[in-house]
Amino acid sequence: MPEPHPPRRPRRETVTYASAHGDPGHGVVPGPARRPLAHAPARSEIDEQTTLGHTYVRSLMRSQLRAALTALAALALLVGSLPLLLALPAPEALVWIALGAGVYPVVWAIAHWYVRRAERNERDFTGLVER
């Protein structure tokens, strides 16, 4: 008995304004739809889940992980130094001021940096894929 052939992938078709409206290439198509939209090579690599596409996605994940670990290290350094601050002989009011006015703005700054960095990583990745 002959071995069955694997199913063939359907042929990719570029849909333009004219072909979508029943004009298979005859007549004039208005505006920017005259030329077919070409997909960026990186986007098609990701969509088709090739090794190169997997590499693109992994690079985004690595850059996001690097930003997250940097923010985590900064927070750990901040929180880890708090016992040293609290061990200093200082008036209680000064300790509360240091905690309220010193720690929370630094935590906010680290969080703000992380969000901006993650958005920049995604924007760079989107720019790479959309080219």
Full extension between Ala68 and Leu99 adds, at 0.36 nm per residue less the Cα distance, a length in nm of 8.8 nm
Whole-percent carbon and sulfur contribution to the accessible surface of region 47-130 (1.4 Å, no ligands, DNA or RNA) stands at 69
With all protein chains in place and a 1.4 Å probe, Trp113 shows an accessible area in Å² (nearest 10) of 110
Under a 1.4 Å probe, counting only protein heavy atoms, Thr50 has an accessible area in Å², nearest 10, of 40
HN-Hα couplings for region 114-131 via Karplus (6.51, -1.76, 1.60; θ = phi - 60°), in whole Hz with x for Gly/Pro, come out as 4, 5, 5, 5, 5, 5, 5, 4, 5, 5, 4, 5, 4, x, 5, 6, 7, 4
Whole-Hz Karplus couplings 3J(HN,Hα) for region 81-86, θ = phi - 60° and coefficients 6.51, -1.76, 1.60, Gly and Pro as x, run 7, 4, x, 5, 5, 6
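The values are calculated or read from the model by the stated rules, or taken from the named source; none is laboratory data. Only a predicted model underlies this, so the values are computations on that prediction, with no experimental measurement involved. Heads up: the accessible areas ignore ligands, DNA and RNA and are worked out on the full protein's heavy atoms, side chains in. Shrake-Rupley method; radii C 1.70, N 1.55, O 1.52, S 1.80 Å.
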